[in-house]
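S.K.: Structure incoming, see below.
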Amino acid sequence: MVKIRQKVSGSLRTLDGAQQFALIRSYLATATAHGRNIMDALTELATGRPWLPTAQATT
């Protein structure tokens with residue numbers, strides 16, 4: 001994931017920036033895997049109502 005960001009922006013300047021980028025990408029990947037619309041997930045996150053996946057019981 002970080003390599004993609006490096007190609008787009010040239011580099012990541014700080015470790016904190018790289019960690020924030022990885023967190024956002026991970027959140028969006030999880031939302032997508034659960035069938036959520038990325039824009040809806042980002043909007044909910046920005047308004048303080050983050051989408052969280054539900055725990056599924058294993059049998």
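The values are calculated or read from the model by the stated rules, or taken from the named source; none is laboratory data. On a predicted model such as this, the values are computed, not experimentally measured, just so you know. No Cβ is skipped: glycine too gets one built from the backbone with ideal geometry, and neighbour counts run over all protein chains shown. These area figures cover heavy atoms from the full protein model, side chains too; ligands, DNA and RNA do not enter into them. Shrake-Rupley method; radii C 1.70, N 1.55, O 1.52, S 1.80 Å.
S.K.: Applying the selection to the range 1-44, what residues are open to solvent by 70 Å² or more (accessible area, probe 1.4 Å), at pLDDT below 90 and in a loop (DSSP other than H, G, I, E, B)?
M.R.: Met1, Arg13, Thr14 - these are the residues of the range 1-44 that are open to solvent by 70 Å² or more (accessible area, probe 1.4 Å), at pLDDT below 90 and in a loop (DSSP other than H, G, I, E, B).
S.K.: Find the residue count for the range 45-59, including only residues that are free of Cβ contacts under 8 Å to residues at least 12 places away in the same chain and not in a loop (DSSP other than H, G, I, E, B).
M.R.: The qualifying residues number 1.
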